[in-house]
Amino acid sequence: MALATRRLLRQMGAALLSLAACSGLAFPNIASAADGTPAKQLFGKVQLPSNSAASPIGFYAKGCMAGAVAIPTDGPTWQAMRLSRNRRWGNPAMISLLEQFSQDAVRLGWGSGILIGDISQPRGGPMLTGHASHQIGLDADIWFQPKPAQALSAQAREDMPFVSMLDKSKFLTVNPKRWTKTHANLVMQAASYPQVERVFVNPAIKKKLCETWKGDRGLLGKVRPVYGHDEHFHIRMHCPAGAANCKAQAAVAAGDGCDKSLAWWFSKEPWAKPVKKPDAKPIKPKFVTLADLPRACTAVLAAPAASERSATFGATAYVAPAAAQDGDAAIQNVINAQADPLPVDNIPIPQSRPALQ
Ligand SMILES: [Zn+2]
């Protein structure tokens, strides 16, 4: 057994002991850490967040989240969609931002508020379907359709089709019948918050904004072109202040981003078929396992659950934990025991290539 693996197992064992000591419970999930089970299967089936202080752990595309709170399914200026996915969990800072954004959206004339797509799973982590990121509670998808005045039924929230802002009969072109000034204002409003680090939109939408946006061009630099993102846009927050285990993404370059990084999408390169070497071995798909994630994620997965009620934020009062919660000690033990910093190499950042979306 490799030394690193042995060390990891020893540390997971220590985490298990400290968990057992503080709660007297057994945690079958932890055994899976060493057996190569894809982490998405472990995180994908957890129904509730950990009962611990809010903490984003790791990177947007390689991490997890402690102490998540859920945005209520309905608020005065928002509705959460696709409820069966159970992905309306986030860092409290993200939930607060969405509530603020939903009010600002109404002021901009965006119907009666916003429709909220996926945020994160109850404990973050990789997902069984969709999304490379959304793992630490600091990413959220917003539909390019306003909230109707009437509350949608749970079924309608499952079935309501997405509407693309593109004219699909053309190459990367915004549909002028659908895209309005209010859409532009909405995206730029999201980019305007200091706690927002990036907003992902389709390259065609970014191009349209480059051609038409008359406001702060510096803010436009936060709006990043990524394939997809034509039926919704994606808001990514900075690591909150004091979130020591959150791994920040490189800052966006200065300027409006209406540059080579955008022009690349309109070149042949992103659409070219990958060249296969005749003697190349088939690449085995590699699943992310718990051992690939920051070690504290093993403790997050195993920590006792918060009650659903205490973990709902916003319209129902959320009381931030004043004292340490059950899950805190275990998670902190693992963080303290980390001999190495969080892995910084080989972290997949959201890729721009269509094949990887
Ligand atoms: Zn997203």
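Using the Cβ of P56 as centre and a radius below 12 Å, the other residues enclosed give a net charge of +3, where K and R count +1 and D and E count -1. The amide H of H232, built 1.01 Å from its N in the peptide plane, has F144 as neighbours under 5 Å, considering only residues 5 or more places off or on other chains. The label-point distance for K45 and V275, in a model that sets each label 7 Å from Cα toward Cβ, rounds to 4.5 nm.
Work through the residues other than S133 whose Cβ is under 14 Å from its Cβ and net out their charges, Lys, Arg +1 and Asp, Glu -1.
Numbers: positive: K40, K62, R87, R198, R224, R236, K247; negative: D118, D139, D141, E197.
That works out to +3.
Among rounded, prolate and oblate, which fits the range 188-303 when a ≥ b ≥ c are the square roots of the eigenvalues of its C-alpha gyration tensor, a/c under 1.5 means rounded, and a/b larger than b/c means prolate? Could the numbers behind the result be given before it?
Working: a/c = 2.65, a/b = 1.13, b/c = 2.34.
The shape class here is oblate.
Of all aspartates and glutamates in the structure, those lying under 19 Å Cα to Cα from K40, and not within fewer than 8 positions of it along the same chain, are D118, D139, D292.
Available extension along the chain between K177 and D259 is 26.9 nm, counting 0.36 nm per residue and deducting the alpha carbon span.
At 0.36 nm per residue, and after removing the present C-alpha to C-alpha distance, how many nm does the segment from S267 to D216 gain when stretched out fully?
15.6 nm
For G113, the residues whose modelled amide H falls within less than 5 Å of its own, excluding neighbours fewer than 5 places apart on the same chain, are K147.
Roughly how many whole Å is it from the C-alpha centroid of the range 244-306 to that of the range 88-160? Rounded to whole Å, the Cα centres lie 22 Å apart. Placing a label point 7 Å from the Cα of K286 along the Cα-to-Cβ direction, the residues of the range 117-139 whose backbone N falls under 19 Å of that point are 126-127, 132-133. For the cross-link pairs K181/K206; K147/K214; K181/K214; K168/K214; K208/K247, the ones whose C-alpha atoms lie over 21 Å apart are K147/K214; K168/K214; K208/K247.
Just so you know, all these numbers are worked out from the coordinates, no wet-lab data involved. The structure presented is a predicted model; accordingly, all values stated were derived computationally and were not measured. Positions of Cβ are backbone-derived with ideal geometry, glycine not excepted, and every protein chain shown enters the neighbour counts.
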